[in-house]
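Only one structure is covered here, and it is reproduced in the block below.
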Amino acid sequence: MGVIVLILGISAGFGVLGYWYSRNSIGNVQEYIVVRNSIGSGLSIATFVATGIGAWILFAPTETAINFGLVALIGYAIGGASPLIAFWFLGPRLRYLMPNGNTLAEYVSKRFGGKAKVLILAVMVFYMFVFLTAELTAVGQTVRLIAPDISMILIVSIVGLVTTAYTSYGGLRASIFTDGIQFLIILPLLIVLFLATVYALGGPSDIINEVRVNAPDKLDLGNTTGIATAVSLIIAVLAANLFHQGYWQRIFSAVDDESLKKSLTISSIIVIPIVLIAGSFGLIALSDTEAFAGIPAIAMFEIVGSELPDLVGILIILLVIALVMSSMDTLLNGIASLLIYEISDMSRSAQVLTTSRTITFLLLIPAIIIASREFSVLYMFFIADLVAAGFIYPVFRGMYSKLTKGWMVISSGFLGILVSLIFFPKSDWSGVVLQVSSLNTSPSLMNSFLSCLLISVCTILVLEYIGKRYSTSADYDFEDLRE
């Protein structure tokens, strides 16, 4: 009962803050999905960091470090920062092209047409919904490690309903404000847990020496498996997050381009050590074989639970709820903004606002059901990442090249994905999705992501060249995006 009260209290605290900040400030649907040109650099830094990190940082980086070593963890950290670096260039460009823009799908629709829009919209919604269910699954699993007698569906329902309540009421404004509060909680808590654990185990030198004895290959920066994993993670995280609507909402909400670039620069610098610190618990686990039971995904909780006082469990619950709510409100409002823009007449503000809030709540129902079943969503993430990798270059090249056309984007993206399937693993890793007997390829995420990206890049360049040489149609006029 005490843990349930704690979860309710923490969740309700963030909910009250979100409601209080956004009360009486949502007058129309535009203010609900984009608080245009109004967020300064300080809050932008916090919300960019909070958008990108979630409860996944307590599981995935640790597991990566244990399975693939330090070099893979470094790749994960770079991957976490890579979207923010890319947005440094792409964000101001889209703000210039579409000063009154709302969503990335809106840009795709105007620039490439309806077929491309439907395709990219599906990619964005699928990726963000998988992310949403993964976050709910993570908070439930974390709490159950501390209090295994509490049902999964109760945990995810409490956190999910409270987050949805303040997000559906306050929209993007509430999400950004609570991101700022959650950021101020997440960073210190993670650092305190890390330093306390390192101190309890005798300091960094003792930990490193133990890892050298127990798993020397994990510290080898020339580890080929680790390097391959690092490359895969950088491409996957970059590609998927460029299609994350939550980021684009925040890009349009920055007060000006200078503030946006400053925020993205500092955010990218902050994200790297956050992922490295979280993943370092994996290396710590390799040094403490008595506490580490051999399950990489929960290594952090095993080490902290073994080396620190029981009361630390309260801090872990606070940390994971802050992480989940900081990403979950972003995902809910981001998906709702995509759907509401596509299905409603934005001129009827009151009705659209009601529909937006209804959509936000409806999104929660399947997310809770999936999360409560504790399905593995990792393979779905891989699928979303691969599809995003196929379209990342063609879609964003269209911001700069007048030659890029919708059919070129679709063709190059699908060709890249098709070729990548000869390397992409089946869900059980028993083989590749598309077996070509003459090639005899084996499952490899790195080869899959690299081939997908390279084929789509080469294809779009070739198609543009052919179009320029033989097509009689006029080049695209970027002024059409400003209308």
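The values are calculated or read from the model by the stated rules, or taken from the named source; none is laboratory data. Keep in mind that what you see is a predicted model, and the values were worked out from it rather than measured. As a convention, Cβ positions derive from the backbone with ideal geometry for all residues, glycine included, and neighbour counts pool all protein chains shown.
What residue, among those in segment 432-467 that are among the small types (Gly, Ala, Ser) and within 21 Å of PRO394 (Cβ to Cβ), is surrounded by the fewest Cβ atoms within 10 Å (Cβ to Cβ)?
Taking segment 432-467 first, the residues among the small types (Gly, Ala, Ser) are 437-438, 442, 444, 448, 451, 456, 467.
Retained after the next criterion (residues that are within 21 Å of PRO394 (Cβ to Cβ)): 448, 451, 456, 467.
Working: SER448: 28, SER451: 23, SER456: 28, GLY467: 17.
Here the answer is GLY467.
Output yes when any residue across segment 299-311 is of a type in the set (Val, Ile, Thr), out of contact with any Ser or Thr (no Cβ under 9 Å at 6 or more places or on another chain) and closer than 28 Å to GLY160 by Cβ, and no when none is.
For segment 299-311, residues of a type in the set (Val, Ile, Thr), out of contact with any Ser or Thr (no Cβ under 9 Å at 6 or more places or on another chain) and closer than 28 Å to GLY160 by Cβ: absent.
When TYR166 is evaluated against the numbered criteria (1) of a type outside the set (A, V, I, L, M); (2) out of contact with any Asp or Glu (no Cβ under 8 Å at 6 or more places or on another chain); (3) closer than 17 Å to THR47 by Cβ, which criterion, by number, is the only one it fails?
(2)
Which condition does LEU260 not pass, out of (1) surrounded by fewer than 22 Cβ atoms within 10 Å (Cβ to Cβ); (2) in a helix (DSSP H, G or I), if it passes all the others?
That leaves (1) as the condition not met.
Is it the case that VAL192 is closer than 18 Å to ILE53 by Cβ and under 21 Å from the mean Cα position of the chain (by Cα)?
Working: closer than 18 Å to ILE53 by Cβ: yes; under 21 Å from the mean Cα position of the chain (by Cα): no.
When the stated conditions are applied, VAL192 does not pass them.
Have a look at LEU104, LEU121, LEU70, LEU136 and point out the one that is touching a residue at least 12 places away in the same chain (Cβ under 8 Å), within 22 Å of SER267 (Cβ to Cβ), surrounded by 19 or more Cβ atoms within 10 Å (Cβ to Cβ) and not acidic (Asp, Glu).
Working: LEU121 fails: within 22 Å of SER267 (Cβ to Cβ); LEU70 fails: within 22 Å of SER267 (Cβ to Cβ); LEU136 fails: within 22 Å of SER267 (Cβ to Cβ).
Testing whether each residue is touching a residue at least 12 places away in the same chain (Cβ under 8 Å), within 22 Å of SER267 (Cβ to Cβ), surrounded by 19 or more Cβ atoms within 10 Å (Cβ to Cβ) and not acidic (Asp, Glu) leaves just LEU104.
In segment 194-227, which residues are of a type in the set (Gly, Ala, Ser) and more than 18 Å from VAL304 (Cβ to Cβ)?
In the first step, residues of segment 194-227 are kept if they are of a type in the set (Gly, Ala, Ser); the result is 196, 200, 202-203, 205, 215, 222, 226.
Matches in segment 194-227: SER205, ALA215, GLY222, GLY226.
Quick check: anything in segment 61-73 in contact with a helix residue (DSSP H, G or I) (Cβ under 9 Å, 6 or more places away or on another chain) and closer than 22 Å to SER263 by Cα?
Let us first name the residues in segment 61-73 that are in contact with a helix residue (DSSP H, G or I) (Cβ under 9 Å, 6 or more places away or on another chain), namely 61-73.
Retained after the next criterion (residues that are closer than 22 Å to SER263 by Cα): none.
No: zero hits.
In the set GLY279, GLY246, which member is under 26 Å from ALA384 (Cβ atoms), assigned to a helix (DSSP H, G or I), touching a Pro at 6+ places or on another chain (Cβ under 8 Å) and in contact (Cβ under 8 Å) with a residue 12 or more places away in the chain?
GLY279
If a residue must be surrounded by fewer than 19 Cβ atoms within 10 Å (Cβ to Cβ), part of a loop (DSSP other than H, G, I, E, B), touching a residue at least 24 places away in the same chain (Cβ under 8 Å) and under 24 Å from the mean Cα position of the chain (by Cα), how many such residues does segment 374-418 contain?
3
Can we say LEU195 is out of contact with any Lys or Arg (no Cβ under 8 Å at 6 or more places or on another chain), within 30 Å of LEU454 (Cβ to Cβ) and surrounded by fewer than 22 Cβ atoms within 10 Å (Cβ to Cβ)?
Numbers: out of contact with any Lys or Arg (no Cβ under 8 Å at 6 or more places or on another chain): yes; within 30 Å of LEU454 (Cβ to Cβ): no; surrounded by fewer than 22 Cβ atoms within 10 Å (Cβ to Cβ): yes.
Judged against the criteria, LEU195 is not a match.
Checking ILE295 against (1) free of Cβ contacts under 8 Å to residues at least 60 places away in the same chain; (2) surrounded by 19 or more Cβ atoms within 10 Å (Cβ to Cβ): exactly one of these is not met. Which one?
Single failed check for ILE295: (2).
What about SER109, is it without any contact (Cβ under 8 Å) to a residue 24 or more places away in the chain and either crowded, with 19+ Cβ neighbours inside 10 Å or among the polar types (S, T, N, Q) (or both)?
Values: without any contact (Cβ under 8 Å) to a residue 24 or more places away in the chain: yes; either crowded, with 19+ Cβ neighbours inside 10 Å or among the polar types (S, T, N, Q) (or both): yes.
For SER109, the condition - without any contact (Cβ under 8 Å) to a residue 24 or more places away in the chain and either crowded, with 19+ Cβ neighbours inside 10 Å or among the polar types (S, T, N, Q) (or both) - is met.
Would you point out which residue out of VAL211, VAL271 is modelled with pLDDT of 95 or more, crowded, with 18+ Cβ neighbours inside 10 Å, in a helix (DSSP H, G or I) and of a type outside the set (S, T, N, Q)?
Values: VAL211 fails: modelled with pLDDT of 95 or more.
On inspection, the qualifying residue turns out to be VAL271.
Checking the conditions here, which among ALA350, ALA299 is closer than 30 Å to SER205 by Cβ, at pLDDT below 90 and among the small types (Gly, Ala, Ser)? Steps first, please.
Values: ALA350 fails: closer than 30 Å to SER205 by Cβ.
Residue meeting the stated conditions: ALA299.
Quick one: which residue in SER471, SER438, SER427 is small (Gly, Ala, Ser) and closer than 30 Å to PHE68 by Cβ?
Just a single option satisfies the conditions, and that option is SER427.
Going through segment 433-454 one residue at a time, which ones are without any contact (Cβ under 8 Å) to a residue 24 or more places away in the chain and either in a helix (DSSP H, G or I) or of a type in the set (Ser, Thr, Tyr) (or both)? I'd like the intermediate steps shown before the answer.
Here is the first cut: in segment 433-454, the ones without any contact (Cβ under 8 Å) to a residue 24 or more places away in the chain are 433-443.
Of everything in segment 433-454, those that are without any contact (Cβ under 8 Å) to a residue 24 or more places away in the chain and either in a helix (DSSP H, G or I) or of a type in the set (Ser, Thr, Tyr) (or both) turn out to be SER437, SER438, THR441, SER442.
Going by the conditions given, is THR472 polar (S, T, N, Q) and either in a helix (DSSP H, G or I) or touching a strand residue (DSSP E or B) at 6+ places or on another chain (Cβ under 6 Å) (or both)?
On the way: polar (S, T, N, Q): yes; either in a helix (DSSP H, G or I) or touching a strand residue (DSSP E or B) at 6+ places or on another chain (Cβ under 6 Å) (or both): no.
No.
Looking at (1) surrounded by 24 or more Cβ atoms within 10 Å (Cβ to Cβ); (2) modelled with pLDDT of 95 or more; (3) under 28 Å from LEU172 (Cβ atoms), which is the only condition LEU90 fails?
Every condition holds for LEU90 apart from (1).
Kindly check whether there is at least one residue in segment 81-95 that is in contact (Cβ under 8 Å) with a residue 24 or more places away in the chain, of a type outside the set (Lys, Arg) and not in a helix (DSSP H, G or I).
Within segment 81-95, not a single residue is in contact (Cβ under 8 Å) with a residue 24 or more places away in the chain, of a type outside the set (Lys, Arg) and not in a helix (DSSP H, G or I).
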